[in-house]
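Below is one structure, written out as structure tokens, with a few remarks after it.
The values are calculated or read from the model by the stated rules, or taken from the named source; none is laboratory data. Note that this is a predicted model, so its numbers are computed, not measured. Here the Cβ positions follow ideal geometry from the backbone for every residue, glycine too, while neighbour counts run over all protein chains shown.
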Ligand code: ADP
Ligand code: MG
């Protein structure tokens, strides 16, 4: 696990771009954090670096967006969902094992049972009393992404 602090939306964008430069196809990325923490901004910035042209919007209302970048990019937001049946209805399980693409899931923590064995976890927390400061924790569940996480830590901190 490692942590990075950003002082502005711009710094978060730059951080997300670095993560996108290292991420591999077949990775599921779960994003945790309160409303307004910066999850969607993080995904938007990664998607652009991954070759998505045009607007990347928040899937809060439509629940899922798919984009064609250098590979397929799938973006879920589970905030409005309440049951696992609804997950099935939106095709969630087709993408929890999706070797050819990259899958982002906001509010994944609502459905711990529905998550794959291996995923990267990005937690974004507002730092108290500061409007623009965020603590961003990078971690993984399962062993598959441990090497990626170590490489990423080195890469992210190499520019400091
Ligand atoms: P979420 O998807 O977590 O609900 P959004 O990404 O939609 O959040 O919104 C995050 C908001 O917080 C944006 O308006 C962004 O400009 C603002 N913000 C302020 N400081 C930061 C920061 N350091 N990192 C990310 N977003 C920030
Ligand atoms: Mg969001």
Here the residues within segment 111-135 that are part of a strand (DSSP E or B) and closer than 17 Å to residue 27 by Cβ are 119, 120, 121, 122, 123
From the list 52, 19, 43, pick out the single residue that is within 12 Å of the chain's Cα centre (by Cα) and more than 13 Å from ligand 2 (Cβ to nearest atom). 19
From the residues in segment 66-81 that are in a loop (DSSP other than H, G, I, E, B) and surrounded by 15 or more Cβ atoms within 10 Å (Cβ to Cβ), which one is nearest to ligand 2 (Cβ to nearest atom)? 79
What number of residues within segment 39-51 are surrounded by fewer than 24 Cβ atoms within 10 Å (Cβ to Cβ) and within 9 Å of ligand 1 (Cβ to nearest atom)? 3
Reported set for segment 136-160 where residues are in a strand (DSSP E or B) and more than 13 Å from the chain's Cα centre (by Cα) is 141
Would you mind finding the one in 54, 26 that is at pLDDT below 95 and either away from ligand 1 (no atom under 14 Å from the Cβ) or surrounded by fewer than 18 Cβ atoms within 10 Å (Cβ to Cβ) (or both)? 54
Say whether the condition of being under 23 Å from residue 117 (Cα atoms), part of a strand (DSSP E or B) and more than 12 Å from ligand 1 (Cβ to nearest atom) is met by at least one residue in segment 1-8. yes
